[in-house]
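Written out below as C-alpha cells is the structure these notes cover.
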Amino acid sequence: MTKHASTSTTYVGHYSLARYPVLTAAASAMAPSSSLYSSGRLLSSRPASKGLVRGLLTRDGSRWVRPSCSLSMNGCTADAGDQGAVTTRETRALPAASAPQEAVGQLRAAVAALNADPPVSSSGIIRLEVPIRQRGDAIEWLHAQTQSSLPRCFFSARAPLPDTPAIAVGSSNGNGGHKEQWEQPVSVAGLGSAVFFRGTDAFSVRDWRAIKRFLPRDCPLIRAYGAIRFDASSDASVEWEDYGAFYFVVPQVEFSELEEGSVLATTIAWDDSLSWTWQSAVDELQSTLHEISPCSVKVNRSTLQTAIVNLNHVPTKASWDLAVTQALRMIKGSQTELVKVVLARCSRYITDTCIDPLELLACLKVEGQNAYQFCIQPPDAPAFVGNSPEQLFHRKYLKISSEALAGTRARGKTRADDFKIGQDLLLSIKEDTEFTIVRENIKKKLEMICDEVVVNPSKALRKLPRVQHLSAQLAARLRNEDDEFDILNALHPSPAVCGLPTEEARQFIRDYEIFDRGMYAGPVGWFGGAESEFAVGIRSALLGKGYSTLVYAGAGIVEGTNPSFEWDELDLKASQFAKLLKYQEHHIFYQEAGNMGTLI
C-alpha cells in the first residue's frame, strides 16, 4: 500500500484588498453630493470605509488582509492553465440507498476505504456517488447544512423550450453517436470546495484551461459552478470582493435532484504542484462529511416573513433621467457609433429581519419554471441569488444553443389584456430595434466560431409569470470542443446587457453607472467535461448576513427610449423580489441615495 506523506501545507488564495469605484467626471456630475458614493456595505464584520480609498484599514490603521482559506486549493495559479489534465480522473458509483441517511453513511465508509488505499498519482479528481431511490429537494437539503464557513452553490436548469431549433451534427457530435449515460439533474446543491478557481484579473483562456483540467469528459457530472464579473476591468466594490473577477467551485458534497430520485455525491481533488496533497484533501473532505446533515429542512416558498424599512435606488430617478438623456444624445449624434446601451439600477432594501438566501431562492423557484435559479456564495461572503430567464449558451459536445432576449412588457390581468399587451410588444418599432440589435449580434458572433447557425423562431414572445419579452432561439455546431472559451468570450457581454458596439457601450456604463455591477449581468452557470451551461446573471440580488439586500435590474436604451418608461421597466423587473416584501410596503422609508453610507 502506497500513501502520500501527510503535510500541513495550505494554499492561500489570491485575495485582493477591496476597492471602491472612483467616479469619473461624467458620473460625478450626476451623483448626489457625498464624499462617499458606493452601493454600500453588506457585511457588518468588514471594516468601515473612510472616503474613496483603495485599501481597507483595520481599526489600528494597518491594512486589512483577507484570512487565508484552508478549505481547498485554488486551481488558478500562475501556470496551472499550462499544465495537462490531472492524472487520476474517475467517477465511482456506489450501491443505491433507500434514504439520504444511508447514503451519507456509504460515502463516509467509501472515503475511509479510499484513504486506506490512496491513489499513487500526484494529482487527480475522484467522484463518489450514491443513487437515492426517493426524490429529495435540493434547496431543502442545502438549507439543512449550517456550516456557514463553507462555500455553497445551487443551480437549477430551466425547462426545455418547445421552439428550440435542432442542429443535425451526425457522428461528428463528439460522443460517437452513443446514447448519453447520465441523467440530467433537475437541480444541484453543493457544499464545500474540492477545488475552487478564483482570480483578480479578467477570466482568460488560461483560467478556462485551469478549470477544465479537473473536469473529465467521461465524468460529466463533475462540474465547476460559479460566475464571472460583468466587467473585470472596473474596480470591485467591497460587497463583491470575495468573488474576484471570477469564482468557480467544484463542491465537496453535492445533492442532485432528479426527476424520479436523487444522488448524493462527494468529490475529492488534489494536486501536489498546487501544494494540496491527497492527505490534505481527504482530511478536509472527512471533516465536511462528518458535519453533513442527512436530513432536509422545509423552506417557506410563499413569503419571506419580513418587511422593508428602508429603500434606496442608485441612481435616483433624477440621475437616471440624466444618464438616459445623455445616452440618447450620443446615440442620435455623429460623434460615436453607439446604437444601444443598457443601464442598470441597484436598489438597496433594508429589512426588519435577515433574509435567508435559500428561502429567497425557494420563493423565486415557485414562479421560475422557465428560468434558471442560482445561488453562488463563497465562504463567509454575501450570496448572489437570481432567477434569470436568459440563456447565454449551452454546449453539449459540439452542439451549441443560445438565445436573444430583449424588449419588455408586463403580463396582462386577463387573457384578452395579456394578448393585447403582447401584440403591442411585437409591433413596437422601438422594441423591435432593440431586439434586432441583440439577435443579429449574437448570430454574427456564432457564425465566427460555429458552423450551421440556425435562428428559429426569429421573433416570438417569451411569457414569464410577471413579464413578457421578445425572443429568438439560436443553434449552431462548434468546429472544435476546445472553442468553448471562444463562445463564452464572444457572447459575453451581449447587447442585451451591455449594448452595441460593445466597447463604446461598456465605456458609457463605466462613465455613468455609479455602482459596481459585480457578477450582475455576467455569466452564471457551470463548466463540465462534455457539457457546459451558462445563464446571464440578471433578475438577481446580493444578500449579506445583516439586514441589507441589493437588487439589480437593467433596461436597454435605444433611439426612441423614454426615460420614465424605462424606470418603470426597472420596477417591473425587480418586482419578483419586491413582491415578497409587499405586504407591509406602506412602512417603507424612501431615502435619497446620497445618504447611503455604510450598510449595517
With the requirement that a residue be among the basic types (Lys, Arg) and within 27 Å of LEU500 (Cβ to Cβ), what does segment 400-424 give you?
ARG409
Say we look at segment 561-570 and pick out the residues that are without any contact (Cβ under 8 Å) to a residue 24 or more places away in the chain and part of a helix (DSSP H, G or I); which of these is least open to solvent (accessible area, probe 1.4 Å)?
ASP568
Quick one: what pairs do we get from segment 391-408, first residue within 11 Å of GLN473 (Cα to Cα), second assigned to a strand (DSSP E or B) and open to solvent by 10 Å² or more (accessible area, probe 1.4 Å), C-beta under 6 Å, 6+ apart or different chains?
SER401/HIS394; GLU403/GLN391
Among the residues of segment 293-312, is any touching a Ser or Thr at 6+ places or on another chain (Cβ under 8 Å), over 30 Å from ASN74 (Cα atoms) and modelled with pLDDT of 90 or more?
yes
Selection count where residues are farther than 16 Å from LEU426 by Cα and buried (at least 18 other Cβ atoms within 10 Å of the Cβ), scope segment 455-472:
1
Tell me, please, whether a residue that is closer than 24 Å to ILE126 by Cα, at pLDDT below 75 and open to solvent by 40 Å² or more (accessible area, probe 1.4 Å) can be found in segment 67-75.
yes
Determine whether segment 514-523 contains at least one residue that is out of contact with any His (no Cβ under 6 Å at 6 or more places or on another chain) and modelled with pLDDT under 95.
yes
Going through segment 243-289 in order, the residues found to be aliphatic (A, V, I, L, M) and closer than 23 Å to SER122 by Cβ are VAL249, VAL250, ILE268, ALA269, LEU274, ALA281, VAL282, LEU285
CYS219 versus (1) within 25 Å of GLY554 (Cα to Cα); (2) modelled with pLDDT under 95; (3) of a type outside the set (A, V, I, L, M); (4) open to solvent by less than 10 Å² (accessible area, probe 1.4 Å): which is the lone unmet condition?
(1)
Among the numbered criteria (1) touching a strand residue (DSSP E or B) at 6+ places or on another chain (Cβ under 6 Å); (2) open to solvent by less than 20 Å² (accessible area, probe 1.4 Å), which single criterion is violated by ALA93?
(2)
When you check VAL453 against the structure, is it within 23 Å of GLN373 (Cβ to Cβ) and aliphatic (A, V, I, L, M), yes or no?
no
Can we say ALA371 is within 23 Å of the chain's Cα centre (by Cα) and either on the phi < 0 side of the Ramachandran plot or of a type in the set (Ser, Thr, Tyr) (or both)?
yes
So which of ARG59, ARG54, ARG63, ARG108 is surrounded by fewer than 21 Cβ atoms within 10 Å (Cβ to Cβ), over 24 Å from ARG213 (Cα atoms) and modelled with pLDDT of 95 or more?
ARG108
If you take just the strands (runs of 3 or more DSSP E) that sit entirely in segment 445-543, which of them hold at least 1 residues that are touching a residue at least 12 places away in the same chain (Cβ under 8 Å) and of a type in the set (Asp, Glu)?
450-455, 531-536
Can you go through VAL263, VAL253 and tell me which one is under 21 Å from GLY105 (Cβ atoms), open to solvent by 10 Å² or more (accessible area, probe 1.4 Å) and not small (Gly, Ala, Ser)?
VAL263
Does segment 537-560 contain any residue that is farther than 23 Å from ASN310 by Cβ, surrounded by fewer than 21 Cβ atoms within 10 Å (Cβ to Cβ) and at pLDDT below 95?
yes
Just to be sure, is ASP356 of a type in the set (Asp, Glu), open to solvent by 20 Å² or more (accessible area, probe 1.4 Å), in contact with a Pro (Cβ under 9 Å, 6 or more places away or on another chain) and within 22 Å of TYR243 (Cα to Cα)?
no
Among the residues of segment 430-442, are any open to solvent by 40 Å² or more (accessible area, probe 1.4 Å), in contact (Cβ under 8 Å) with a residue 24 or more places away in the chain and either of a type in the set (A, V, I, L, M, F, W, C) or part of a loop (DSSP other than H, G, I, E, B) (or both)?
no
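The values are calculated or read from the model by the stated rules, or taken from the named source; none is laboratory data. In this text, all values refer to a predicted model and were calculated from it rather than measured experimentally. Quick reminder, even Gly has a Cβ in these numbers, built from the backbone with ideal geometry, and neighbours come from all protein chains shown. Only protein heavy atoms, including side chains, enter the accessible area calculation; ligands, DNA and RNA are left aside. Shrake-Rupley method; radii C 1.70, N 1.55, O 1.52, S 1.80 Å.
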